Ligand code: V55
Ligand code: FE
């Protein structure tokens, strides 16, 4: 019998395991109307623990992968959610208990699963080359059926994937349909190797470049422009020795510098050049673009690694203020003799789970869609100190031009921009946001007009349950089989 989950913040309140699989056909529309122009599926992927952890407590990034889908059609929305049948999930379900231990630490596993695939497929879900892939940066992609959300199996790009891992943040070139991605710890946990791939619109790997970084680090995201690729090496370092002794895979080591590796997208990697700067941390890229020899990297930058469960190597206590991520532009000048990069904060608000209009990815752009905490909108008695709003940031002016406030005791998940039509200008469309109703133990799906985030929602759709995801992506019906 499955025992109760531990009473720790990872498993409490709105984070409590959901464990549910199923479908809600035709969700309730409690406000407004769903535009028929929204025709497609919003796929999302997140982490949920099916069984109580093997070692007392755990960290949310170690949960089992859950994929969900909001399918929009003719003004209706259907919801489905399903756990990914990773090897880990299948083995644990058969045993009716956790067998795998700590985050990315194979030494902490039950001996019965030695050598088994530890992948959790819990971070992102992307559609490319006719395949829907659930991603976790520590493992290979897992292919999911786009209609039933059933697991098809691990996908190795017809044996062309030489890495043991694939990032959860591939990039897409909207003009040619390429998917650009990499594997870090590509030869196994804590190995420094990075390998970069390009896959054409049919999903065939057409380029593979191995990179030798200055040190092994946690690399959650990377940058791509029309002309360049940027690898972010930041001082969250890994150690097999530490894991063997029962410690965490990563620590924050502020004695190291940040390195940005910039190479041409059109070459063989031999022109890769490292630019250096003070220790910084980035989980997510907003967008990158090249202007001649200038390469701009816009992301949510913090002074220290922002997960409190990865300790400071030098024993400094976690400082939430320094862990705040702000939209920041880094610029590397390929004509400069200096090895430094320039840093400029675009907007001072703390934020994360940032998105753009994906049609302008890799190019000079104007808008970011940014979850943040609006202290002014929050009233007395509102228990939510997290992100209560999503704003439209003009990255050219640095101004948060407009924002949606989710209401009291409500927080927001990662938004999704959907263009009004294929020809619509950048930022002209809808913003889909899951609102966590913290005091009702359920969520709403809110559809906003991206041109008028502070106006009345276009529609509000009630979910009678919680749904929790980390990242997601919209796939128009025309793209699906
Ligand atoms: C992140 C999430 C992860 C992970 C590493 O959002 C970094 C950052 C859900 O898993 O393994
Ligand atoms: Fe991420």
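The values are calculated or read from the model by the stated rules, or taken from the named source; none is laboratory data. None of the values given here were measured: they were computed from a predicted structure. Every residue, glycine among them, receives a Cβ derived from its backbone with ideal geometry; neighbour counts consider all protein chains shown.
Checked against the criteria, residue 275 counts as away from ligand 2 (no atom under 16 Å from the Cβ), surrounded by 18 or more Cβ atoms within 10 Å (Cβ to Cβ) and closer than 18 Å to residue 230 by Cβ. Only residues that are part of a loop (DSSP other than H, G, I, E, B), away from ligand 1 (no atom under 16 Å from the Cβ) and touching a residue at least 12 places away in the same chain (Cβ under 8 Å) were counted across region 252-309, and they come to 14.
Of the strands (runs of 3 or more DSSP E) lying entirely inside region 357-421, those containing at least 1 residues that are free of Cβ contacts under 8 Å to residues at least 12 places away in the same chain and out of contact with any helix residue (DSSP H, G or I) (no Cβ under 7 Å at 6 or more places or on another chain) span 399-405. Of all residues in region 121-139, those satisfying the criterion of being touching a strand residue (DSSP E or B) at 6+ places or on another chain (Cβ under 8 Å) and either assigned to a strand (DSSP E or B) or surrounded by fewer than 22 Cβ atoms within 10 Å (Cβ to Cβ) (or both) are 124, 125, 126, 127, 128, 129, 131, 132, 133, 134, 135.
In this structure, residue 353 does satisfy being out of contact with any helix residue (DSSP H, G or I) (no Cβ under 9 Å at 6 or more places or on another chain), within 16 Å of ligand 1 (Cβ to nearest atom), part of a loop (DSSP other than H, G, I, E, B) and within 30 Å of residue 176 (Cα to Cα). Go through the residues of region 82-94 one by one and say whether even a single one is away from ligand 1 (no atom under 16 Å from the Cβ) and within 21 Å of the chain's Cα centre (by Cα). Taking every residue of region 82-94 in turn, at least one turns out to be away from ligand 1 (no atom under 16 Å from the Cβ) and within 21 Å of the chain's Cα centre (by Cα). Of everything in region 161-175 that's more than 20 Å from residue 240 (Cα to Cα) and away from ligand 2 (no atom under 16 Å from the Cβ), which residue is surrounded by the fewest Cβ atoms within 10 Å (Cβ to Cβ)? Once the filter is applied, the top-ranked residue is 175.
Of all residues in region 234-274, those that are closer than 17 Å to residue 101 by Cβ and touching a strand residue (DSSP E or B) at 6+ places or on another chain (Cβ under 7 Å) total 3. Restrict the check to region 13-30 and report whether at least one residue is touching a helix residue (DSSP H, G or I) at 6+ places or on another chain (Cβ under 9 Å) and surrounded by 14 or more Cβ atoms within 10 Å (Cβ to Cβ). Within region 13-30 (the criterion being touching a helix residue (DSSP H, G or I) at 6+ places or on another chain (Cβ under 9 Å) and surrounded by 14 or more Cβ atoms within 10 Å (Cβ to Cβ)), the answer is yes, since at least one residue qualifies. Residue count for region 462-481 under the criterion of being more than 16 Å from ligand 1 (Cβ to nearest atom), over 18 Å from residue 388 (Cα atoms) and either within 24 Å of the chain's Cα centre (by Cα) or at pLDDT below 95 (or both): the result is 9. Taken together, 67, 59 contain a single residue that is within 16 Å of ligand 2 (Cβ to nearest atom), touching a helix residue (DSSP H, G or I) at 6+ places or on another chain (Cβ under 9 Å) and touching a residue at least 24 places away in the same chain (Cβ under 8 Å), which is 59.
Could you say whether any residue in region 438-457 is within 16 Å of ligand 2 (Cβ to nearest atom), modelled with pLDDT of 95 or more and either surrounded by 22 or more Cβ atoms within 10 Å (Cβ to Cβ) or on the phi < 0 side of the Ramachandran plot (or both)? Checked region 438-457: no residue is within 16 Å of ligand 2 (Cβ to nearest atom), modelled with pLDDT of 95 or more and either surrounded by 22 or more Cβ atoms within 10 Å (Cβ to Cβ) or on the phi < 0 side of the Ramachandran plot (or both). Can you tell me which residues in region 109-141 are touching a residue at least 60 places away in the same chain (Cβ under 8 Å) and away from ligand 2 (no atom under 16 Å from the Cβ)? Passing the criteria: 127, 128, 129, 130, 131, 132.
Each residue in region 398-428 was checked for being in contact with a strand residue (DSSP E or B) (Cβ under 6 Å, 6 or more places away or on another chain), surrounded by fewer than 21 Cβ atoms within 10 Å (Cβ to Cβ) and on the phi > 0 side of the Ramachandran plot, and 1 pass.
Given the residues 254, 178, which is the only one that is more than 22 Å from the chain's Cα centre (by Cα) and more than 16 Å from ligand 2 (Cβ to nearest atom)?
The unique qualifying residue is 254.
Of the residues making up region 7-36, those that are part of a loop (DSSP other than H, G, I, E, B) and either closer than 17 Å to residue 465 by Cα or within 26 Å of the chain's Cα centre (by Cα) (or both) are 8, 12, 16, 17, 18, 19, 20, 21, 25, 26, 27.
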